[in-house]
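Engineer: Once you've had a glance at the structure underneath, I'll fire off some questions.
What follows is calculated from the coordinates using simple rules that are stated; it is not laboratory data. Keep in mind that this is a model prediction, so the values were computed, not measured. Here the Cβ is made from the backbone with ideal geometry for all residues, glycine too, and neighbour counts use every protein chain on show.
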Amino acid sequence: MDQLLPSPFGPTPVQLYPLGDAAVVLQFGEGISEATHRTIQAVAACLDAHPFPGFLEYVPAFTTLTVYYNPWVASQAGQQDPYHCVSESLRQLLQQVPELPAPDAVPVVEIPVCYGGAFGPDLDLLSRYTGLAAEEVIRLHTEPEYLVYMIGFAPGFPYLGGMNERLTAPRKTQPRPLVPAGSVGIAGRQTGIYSLPTPGGWQLIGRTPRRLFTPEAASPSLLRAGQRLRFVPISEAEYQHLQEHEL
Amino acid sequence: MSCSVLRPGLLTTIQDGGRRGYRQAGVIVSGPMDALALRVANLLVGNSPEVAGLEITLLGPTLRFEADHLLALTGADLSATLDGESLPLNRPVAVRRGSELAFGPARTGCRAYLAFSGGLAVPAVLGSQSTYLRAGIGGLEGRALRAGDVLPAPGPTPAGQRLHQLLLRPQSGPRWVATSWFPEPALTPLPTAEPVIRVLRGPEYDLFTVVSQRAFWEEEFTVTPQSDRMGYRLAEPELQRRAEQEILSSAVTFGTVQVPASGAPIVLLADHQTTGGYPRIGQVITADFSRLAQVPPGGRLRFQEVSLAEAHYWYLHQEKTLQQLQRGLALFHYR
């Protein structure tokens, strides 16, 4: 069932394979890279502009774009083989993918974070683990421009790339039963923001008053794959002020 | 025009066809565990197939209808009674105001679906009335039903109203009447105790040892009590990978069988997360979701390998049969 399709950009072919009988996966290489991410974004945008019959929705991830479809509609009410129709549509789509605008055309989302204290109960622990002063942890965490590779795990939860490797720290051995929404944490070489109150094992270094998931909004997730973000340190007073404005 | 919840049951939630189009924002689909049963229930009362109804889990609620209603109950046999008399499954039922629906022990399966002609008037959140418990959205205030709740049920559609009047004379006669007809039995399979679930190989099938691959197809798995609408956690045998290899997070879907490091497989269901980072050994075919959703905690199941062409054959077959039912009902009962 696996097929190799010509890539819209570059020489590496795109792998196409089924995920069950109502989804297919387009796989763009094996490793995390900004180039792969941009290709996935470009293909997703093209799919938005040119949906094929039976197309339902897609989920971008680090190296894949998973495309969900309705086999009944895709097969023209059972007249044709649904998988053949979908893979043929995607093969044609890949040939007409235009280049995305340059990355600096994408605005940077600022995420205000109150570090340490009650909002970041693991900041001291992380500081001891990395051998960096707490202020240095905050400086290194707020320095880079992060890339939102994908949204998953929970509504609005961003998988971010770009964290300084000196901040690498293991997960907590005993996950917390409830992590408040907005908590900013580190696990391994990743940093992220909890979008819903959930159990979780990340080391918590701060919290943002911004809501990452707003179900009442037409666009429920604050962040989207392809966006860039920066953490901005704020005081507890600013946190309280912003939180009142956010609600 | 409503329905009072006298007792909520174990886990009774409002579900429609599911929340579509927001998976890329990490918003799960939710919707019914047994979509076939909800669709048939809706068609039987003259609704479109994905209108919101109640998903009833193992121990059913006690409901009192505060107005005349046209209902259909499908899925598991949870010993339903209406005003103390046994209620037949899988057919439209006209009930009078004041009737009480109650449930007893689960006989076969574990999830029943109650459709109301005219649906349920709860607000849609992100385009769907489905309850998403963890985020607290959809359904009735984002939660399962509680005693004392009043379900806003606007009452039968005009076509449903006509069938109601045919079945029940306005003033006298019995408290409720079910039709003598029922749909094609293939659409209302009685849940089986130890089903064989048909599965396609998952994208990471080849990462598992030959012994584990064979065990996956040949052994029987138990659905543990740590199972819920997110997924079934299966016990015995444990499945091993040939080598530890980091898997990048990627999208998953209803019926994905993923295997965490512990080796105990998880079958993802209606409330599954949108993405996962565990290797996917298999993917249940859509035509068997209904059978899968009816396996109770402690129940057992086996997996059988099929090809994508077979999966699509059964998908299209089920879809055709549903559409025949819808056309037949439109022709004879819901003109």
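Engineer: Among B:177, B:37, B:136, whose Cα sits farthest toward the positive end of the charge dipole of chain B (+1 at Cβ of Lys/Arg, -1 at Cβ of Asp/Glu, about the Cα centre)?
Structural biologist: B:177
Engineer: Using all alpha carbons of region B:91-195, what is the percent of pairwise distances in each 5 Å bin, ordered from the shortest bin to the longest?
Structural biologist: Per 5 Å bin, starting at zero, the Cα-Cα P(r) for region B:91-195 comes out as 2, 9, 14, 18, 18, 18, 14, 5, 1, 0 percent.
Engineer: Next question. List every residue whose amide H lies under 5 Å from the amide H of residue A:171, counting only residues 5 or more places away in sequence or on a different chain, with H placed 1.01 Å from N in the peptide plane.
Structural biologist: Residues meeting the criterion, in which the H sits 1.01 Å from N, are A:188.
Engineer: Taking amide hydrogens as modeled 1.01 Å from N in the peptide plane, which residues meet the under 5 Å criterion relative to residue B:269, leaving out close sequence neighbours?
Structural biologist: B:231, B:232, B:255
Engineer: Using the charge dipole of chain B (Lys, Arg: +1 at Cβ; Asp, Glu: -1 at Cβ; taken about the Cα centre), state which of B:67, B:28, B:275 has its Cα farthest towards the positive end.
Structural biologist: Of B:67, B:28, B:275, it is B:67.
Engineer: Further question on the same structure: Magnitude of the Cβ-charge dipole of chain A, K/R +1 and D/E -1, about the Cα centre, nearest 20 debye?
Structural biologist: Numbers: 15 positive and 23 negative charges, 91 e Å.
It comes to approximately 440 debye.
Engineer: Roughly speaking, what is the stretch gain from residue B:320 to residue B:240, that is 0.36 nm per residue apart minus the C-alpha to C-alpha distance, in nm to one decimal?
Structural biologist: 24.9 nm
Engineer: Pairwise over distinct Cα atoms, reciprocal of the mean inverse distance: report the Kirkwood radius of region A:104-244 in Å, one decimal place. Don't skip to the end; give the middle numbers.
Structural biologist: Numbers: mean 1/r = 0.0666 Å⁻¹.
Final number for the Kirkwood radius of region A:104-244 is 15.0 Å.
Engineer: Convert each backbone phi in region A:220-237 into a coupling constant with the Karplus relation 6.51 cos²θ - 1.76 cosθ + 1.60 (shift: θ = phi - 60°), then list the ³J(HN,Hα) values in order as whole Hz, x for Gly and Pro.
Structural biologist: Result, rounded to whole Hz: x, 9, 4, 10, 10, 4, x, 7, 10, 9, 9, 8, 10, x, 10, 8, 5, 5.
Engineer: Size of the dipole of region A:104-244 about the Cα centre, Lys and Arg at +1 and Asp and Glu at -1 on the beta carbon, nothing else charged, in debye to 20?
Structural biologist: Rounded to the nearest 20 debye, it is 460 debye.
Engineer: OK, next. In whole Hz, with x marking every Gly and Pro, tabulate ³J(HN,Hα) for region A:70-75 from phi via Karplus 6.51 cos²θ - 1.76 cosθ + 1.60, θ = phi - 60°.
Structural biologist: Each residue of region A:70-75 in turn: 9, x, 5, 6, 4, 8 Hz.
Engineer: Could you give the size of the charge dipole of the protein assembly as shown about its Cα centre, using +1 on the Cβ of each K and R and -1 on the Cβ of each D and E, expressed in debye and rounded to the nearest 20?
Structural biologist: Roughly 1240 debye for the protein assembly as shown.
Engineer: Hey, got a sec? Which GluC sites (Glu not before Pro) in region B:215-261 land in a DSSP loop and have at most 10 other Cβ atoms within 10 Å?
Structural biologist: Answer in residue order: B:244, B:246.
Engineer: Follow-up. For a footprinting-style exposure proxy, rank A:186, A:138 by other Cβ within 10 Å, fewest first.
Structural biologist: The fewest-first ordering by Cβ neighbours comes to A:138, A:186.
Engineer: Related question: Helix-only estimate, please: 222 nm mean residue ellipticity of chain A, summing -39500 (n - 2.57) across DSSP H runs of length 4 or more and dividing by its residues, to the nearest 500. Could you put the intermediate results ahead of the total?
Structural biologist: Working: 6 runs with 61 residues, N = 247.
Calculated at 222 nm, the ellipticity per residue is -7500 deg cm²/dmol.
Engineer: So what are the ³J(HN,Hα) numbers for region B:121-130, from phi and the Karplus equation (6.51, -1.76, 1.60; θ = phi - 60°), rounded to whole Hz, Gly and Pro as x?
Structural biologist: Couplings: 8, 9, x, 7, 10, 6, x, 9, 8, 5 Hz.
Engineer: Show the residues, 5+ positions off or on another chain, whose built amide H is closer than 5 Å to the amide H of residue B:66.
Structural biologist: HN-HN under 5 Å from residue B:66: B:2, B:3, B:4, B:98.
Engineer: Turning to a different aspect of this structure: Given Cα pairs under 8 Å that are at least 6 residues apart, what percent is the relative contact order of region A:78-167?
Structural biologist: 17
Engineer: Among A:204, A:223, A:56, which one moves the most in a GNM of chain A with springs linking Cα atoms closer than 10 Å?
Structural biologist: It is A:56.
Engineer: Right, next: What value, in deg cm²/dmol to 500, does the helix sum -39500 (n - 2.57) over DSSP H runs of n ≥ 4 give at 222 nm once divided by the residues of chain B?
Structural biologist: Numbers: 5 runs with 59 residues, N = 335.
That calculation yields -5500 deg cm²/dmol at 222 nm.
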